[in-house]
Amino acid sequence: MTRIVLVHGIAQEVKGAETLLAEWYPALSDGLARATGTTGGSRVARDEVSMAFYGDLFRPAGHRGLGTPEWDASDVQDGLESELLLQWWESASERESRVAGPGAAARLRTPHLVQRALNALSHASFFAGLSERMMISSARQVRRYFTEPGVRAAVQDRIVRSVTDRTEVIIAHSLGTVAAYEASYAHPEWPDLALVTLGSPLAVRNLVFERLVPPPTNGHARWPAPVKRWTNIADEGDIVALSKELAPSFGDRIRDLGVHNGAKAHDVRPYLTARETGRAIAEVLRA
C-alpha cells in the first residue's frame, strides 16, 4: 500500500516508526495542501505512507548511567567525527551571529579545539537544547554509517523493506538522503519513482561525497536508475546541508530549490510544510 516512503536523519534513536510518522504526516499533509490549494489535509491517506525507521540501530545498549553515555570532547574520534563537528561549527558561525567562529584557530584535532566547537554549536539553532553528548552522538552516527559496513547495510535494508511496487516517491532528510540515494542505486529493479531530498549533505566534499557507494568518478556521482525525478530542497541557513545544490555533483536532471525554514533551518517539519516540497510531491502523485 505504500505510495510514499519517508526516511529520517540523525538523532532519532529513542523514537520509532509510528512516533516519527505522527510528527511527519501532518507536516506532509500541510505541504501538499499548500501546494495544491486544497484544504482539509493530504491527497495521500496515512496508511499509504510509511517510515523507514532505522534509529534503533544507533541506540546504545543499556548501561549503568542515565541517558546517552557521558561522552566529552576527548571521546570524539579523529577523522570524520572531529572534521564534521568542525565543519558544522564553521558553517554555523557564518550563518548565525550568535555562534562564535573558529577565527584563526589551527585546524588541528585537539580536545581543546573540539571542545570549542561543541561550546559554539550549543548556540546554533539546530543544536540548541541538545547536550554536548548528543552533539557527539550525532557526529558519531554519521561516522558509523560510513565506516561500519554492517550498520550501513542495516540502514539501507530498512528502506528496501519499505519500498513496494506501489511506491511513487521517497522523501528523505539529512543522513537519510545518503541512505536513500545508495539504496536506490543498489536496486535498479525498483519501479520508477521520485526522490525528494531535504537538508541533504550528499554533495559535501571531503566528508560525505567521496564516501558514497558507488564512488563518484571525476567529481560526478552516478545516477540511481529507478529515480526518474529528483528534487533537492535546502534552506540557506541549514548547516548540515553544507552544499545547497546537488546538480553540479549529481547531474543537471536534479531540480535544486531553496526554502526558508525560520529559526529551525534543518528541522524536517518546515521542510515538509514548504510549498516547494508539497509541489514536488504533488506533481508525482498527479502523474
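The values are calculated or read from the model by the stated rules, or taken from the named source; none is laboratory data. These numbers were taken from a predicted model, which means no experiment stands behind them. Cβ sites come from the backbone with ideal geometry, for glycine too, and all protein chains shown count toward neighbours.
Structural remarks
- Residue check for Y185: modelled with pLDDT of 95 or more, crowded, with 18+ Cβ neighbours inside 10 Å, in a helix (DSSP H, G or I) and touching a helix residue (DSSP H, G or I) at 6+ places or on another chain (Cβ under 9 Å): no
- The number of residues in region 30-42 that are assigned to a helix (DSSP H, G or I) and either modelled with pLDDT under 75 or closer than 11 Å to R269 by Cα (or both) comes to 2.
- Test: residue in region 1-22 that is without any contact (Cβ under 8 Å) to a residue 12 or more places away in the chain, more than 18 Å from A153 (Cα to Cα) and touching a Leu at 6+ places or on another chain (Cβ under 9 Å): no
- Contacts under 9 angstrom Cβ, first residue in region 245-256 being farther than 15 Å from F209 by Cβ, partner in a loop (DSSP other than H, G, I, E, B), 6 or more apart: R253/W223; D256/K244; D256/E245; D256/L246
- Filter result for T217 (of a type in the set (S, T, Y), buried (at least 17 other Cβ atoms within 10 Å of the Cβ) and on the phi < 0 side of the Ramachandran plot): no
- Residue in region 192-213 that is in a helix (DSSP H, G or I), surrounded by 14 or more Cβ atoms within 10 Å (Cβ to Cβ) and hydroxyl-bearing (S, T, Y) present: no
- Here L242 meets the list (1) hydrophobic (A, V, I, L, M, F, W, C); (2) within 13 Å of the chain's Cα centre (by Cα); (3) more than 17 Å from L175 (Cβ to Cβ) almost entirely, failing just condition (3).
- Single residue of region 149-174 satisfying the filter (charged (D, E, K, R) and either surrounded by 13 or more Cβ atoms within 10 Å (Cβ to Cβ) or touching a Gly at 6+ places or on another chain (Cβ under 6 Å) (or both)) that is nearest to W190 (Cα to Cα): E168
- Residue check: A27 meets all listed conditions (1) within 18 Å of S162 (Cα to Cα); (2) modelled with pLDDT of 95 or more; (3) touching a Lys or Arg at 6+ places or on another chain (Cβ under 9 Å) but one, namely (1).
- Here is the figure for region 145-174: residues that are among the basic types (K, R) and in a loop (DSSP other than H, G, I, E, B) total 1.
- Test for V169: is it in contact (Cβ under 8 Å) with a residue 12 or more places away in the chain and within 17 Å of the chain's Cα centre (by Cα): yes
- Residue within region 71-85 that is surrounded by 14 or more Cβ atoms within 10 Å (Cβ to Cβ), modelled with pLDDT of 95 or more and small (G, A, S) present: no
- Residue match in region 114-126 (condition: β-branched (V, I, T), over 18 Å from P60 (Cβ atoms) and either at pLDDT 95 or above or in contact with a His (Cβ under 8 Å, 6 or more places away or on another chain) (or both)): no
- Every listed requirement among (1) free of Cβ contacts under 8 Å to residues at least 60 places away in the same chain; (2) surrounded by 18 or more Cβ atoms within 10 Å (Cβ to Cβ) is met by P26 save one, (2).
- Scan region 258-286 for residues that are of a type in the set (A, V, I, L, M) and more than 16 Å from the chain's Cα centre (by Cα) and the total you get is 7.
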